[in-house]
Each structure stands twice: as structure tokens, then as C-alpha cells.
Amino acid sequence: MFSFDDFMNQNPKNEVGKGVSDCIIDPDIAQHILGENTQNRCLNPKLVNQYARDMLNGEWRFVGDPIRIASDGTLLDGQHRLKAVCESGTSQRFLVIKGLRRDDQDVMDRGRKRTVGDILKIHGESNHNVLAASLRYVWAMEQNLGFGNEISNNPPTTPQILGVLDRHPGIRESVQPAIKVHRCVKIEPSVLIFRHYQFGMIDQDDRDDFYRRLREQDFNGSQDPVSQLYCRIMEDAANKQKRFHQITRHALLVKAWNFYRRGTDVKFLRWSQGGSRPEKFPEAE
């Protein structure tokens with residue numbers, strides 16, 4: 001019967017050290033290793049899906065993160081990557097470390113995961129964390145996904161987010177104007193950055209005026225949609241018991257923008273996600 005040891009012995013030229021091999025693992029090999037996955041945490045299907053998408057898109061990179069196996073063959077580390085190899089049907093290069101003790105698993109994965117914000121900082125981007133968060137929204141817009149559970153259930157991978165910045169470099173220019181508004185109105189910076197960029201694709205002059213009026217509280221009466229947006233957000237910020245979900249602030253911002261663009265007054269700005277009359281998420285016009 002085929003074993004992983006057989007596979008390792010077939011590739012002696014890839015040996016780079018005792019117990020460490022540089023291997024190409026295909027779906028069959030990955031499935032054999034996973035057969036010894038008897039001592040591990042629960043599998044995260046979302047993470048497997050993200051890895052598999054990167055593999056299928058050619059965005060998975062060999063960076064030396066090892067597959068770690070105990071001396072008795074038990075898989076200690078790498079189940080998500082190996083499962084993604086099976087799901088994607090691709091072959092990937094990995095370092096494989098064998099001969100570990102089973103209890104070595106107790107001290108694995110203790111480092112802090114590098115976030116997209118960390119990567120953007122390394123690349124020299126300012127306001128890297130809020131920029132990273134706003135890029136998720138641009139990616140969702142490209143994929144025609146919603147901005148609530150749909151993006152949470154189908155999050156972009158790191159290469160996909162970095163690819164968004166390559167395709168939309170102009171979003172950097174939306175960071176500072178959005179942060180200035182955030183200091184006056186309690187809407188998440190990432191939401192304001194994304195919408196500033198999106199509204200600018202519709203009409204830059206209107207976008208700049210809309211954000212200026214929101215920042216300076218320059219309103220044309222109580223039924224001015226910009227005034228209504230400001231009041232609803234500030235009321236929400238003062239409510240210590242029940243706050244709007246982020247998706248609601250998203251929707252109110254878009255609805256206020258649409259009313260502003262139409263030149264329409266509004267008596268009470270609202271958006272109902274649920275209840276007897278749920279509304280679809282508004283599209284920016």
C-alpha cells in the first residue's frame with residue numbers, strides 16, 4: 001500500500017536536512033497525509049475555501065511554512081493547506097518536517113498572524129489598517145456581494161485584497177478626506193473611505209460637497225438629507241444600549257447620498273434590514 005514514507009523516499013534529491021524535505025504535494029498525497037489527521041483542531045471550511053481559491057488562481061506562494069508530522073505519522077500542522085490542495089485539485093510545494101513528538105503540537109501556532117494591514121504597513125502605506133478594511137468593501141463591490149453577511153461568509157484572501165489596491169490605487173486619495181469626516185461623525189473610517197471612493201466614481205464634485213457639508217455640519221434645514229444623516233448617526237452614538245449594526249450605517253450613508261443627488265428632502269432617514277418590511281441594501285446613484 002502506498003505510504004507517505006514511500007513518497008518521501010522517491011524524492012531524495014529534495015532532502016534539505018534531517019527530517020526536512022522540500023516536496024511537491026498533489027491531492028492524492030495530501031489525502032494520504034490527512035488520513036493520519038487524528039490529533040488536530042476543528043477544520044475551518046472558510047479558511048480551506050480561501051486557501052483553495054488562492055491555489056486555483058495561482059496566487060498561493062511557497063514561503064516555507066511547513067507541514068509538520070509526528071514520528072508515528074500523525075499530522076500535527078497543515079490540515080487546512082492539505083485540504084485546500086484536495087479541494088483545488090492542484091499540486092503545491094511545501095516543506096515537510098517529520099519525526100516530531102506528538103506533544104510538540106502544544107507549542108505550535110503561538111505567533112500573531114500577520115494581517116493585511118500589517119502587510120500594507122510593510123509596503124509603506126499610511127493608515128494601513130483602515131485602508132485594508134476599506135479594500136474589502138471594494139472587493140465586495142467588484143464581486144457584486146452584499147456588505148453584511150455575504151462578505152463575512154465569503155471573505156477575500158490576502159492576495160485578493162492586495163490585488164484590489166493594484167486595480168484601485170486612487171482609493172489612497174480617499175483616506176484623508178474620510179478620516180476628517182470620521183472625526184466629526186461616528187461612521188467607521190473604512191466605510192467612509194470606501195464610499196468616498198465609490199461616490200467619486202459617480203460624481204467627484206458632488207462627492208466633495210457631500211463630505212464637506214457632513215464634516216462642517218453645513219445643512220439646509222432639518223429635512224436636508226445630509227442633516228438627517230448626521231442626526232441619525234449622532235443619535236445612534238449616544239445610545240448606549242442598542243447601537244446600529246455597521247451595515248445600517250453603511251445603508252444610511254448611501255440613502256442620504258442618493259437623496260442628496262436627487263435634491264430631495266427627507267423627513268426621517270431610515271433603513272429597515274428586517275421586520276415586516278425589510279429593504280434591499282441601497283445602490284449608490
Being surrounded by 15 or more Cβ atoms within 10 Å (Cβ to Cβ) and free of Cβ contacts under 8 Å to residues at least 60 places away in the same chain is the filter; apply it to region 259-285 and report the residue that is nearest to residue 138 (Cα to Cα). 282
Any idea which of (1) in contact with a Ser or Thr (Cβ under 6 Å, 6 or more places away or on another chain); (2) surrounded by fewer than 15 Cβ atoms within 10 Å (Cβ to Cβ); (3) of a type outside the set (Asp, Glu) is the one residue 219 doesn't satisfy? (2)
I'm trying to understand the selection: among the residues of region 59-89, which are exposed (fewer than 15 other Cβ atoms within 10 Å of the Cβ), within 26 Å of residue 164 (Cα to Cα) and in contact with a strand residue (DSSP E or B) (Cβ under 9 Å, 6 or more places away or on another chain)? 62, 64, 65
Of the residues in region 161-179, how many are surrounded by 17 or more Cβ atoms within 10 Å (Cβ to Cβ) and either touching an Asp or Glu at 6+ places or on another chain (Cβ under 7 Å) or assigned to a helix (DSSP H, G or I) (or both)? 10
Taking the conditions exactly as written (modelled with pLDDT under 95, within 27 Å of the chain's Cα centre (by Cα) and farther than 17 Å from residue 178 by Cβ), does residue 273 satisfy them or not? yes
Which one of 49, 40 is assigned to a loop (DSSP other than H, G, I, E, B) and outside the structural domain of residue 159 (by TED's automatic domain parsing)? 40
Of everything in region 222-240 that's aliphatic (A, V, I, L, M) and within 13 Å of residue 257 (Cβ to Cβ), which residue is surrounded by the fewest Cβ atoms within 10 Å (Cβ to Cβ)? 226
Need pairs with beta-carbon distance below 9 Å; first residue on the phi < 0 side of the Ramachandran plot and within region 182-207, second among the β-branched types (Val, Ile, Thr) and not in a helix (DSSP H, G or I); sequence gap 6+ or separate chains. 192/185; 195/187
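The values are calculated or read from the model by the stated rules, or taken from the named source; none is laboratory data. All figures in this text were calculated on a predicted structure; none of them were measured in a lab. Counting neighbours? That spans all protein chains shown, and the Cβs are built from the backbone with ideal geometry, glycine included.
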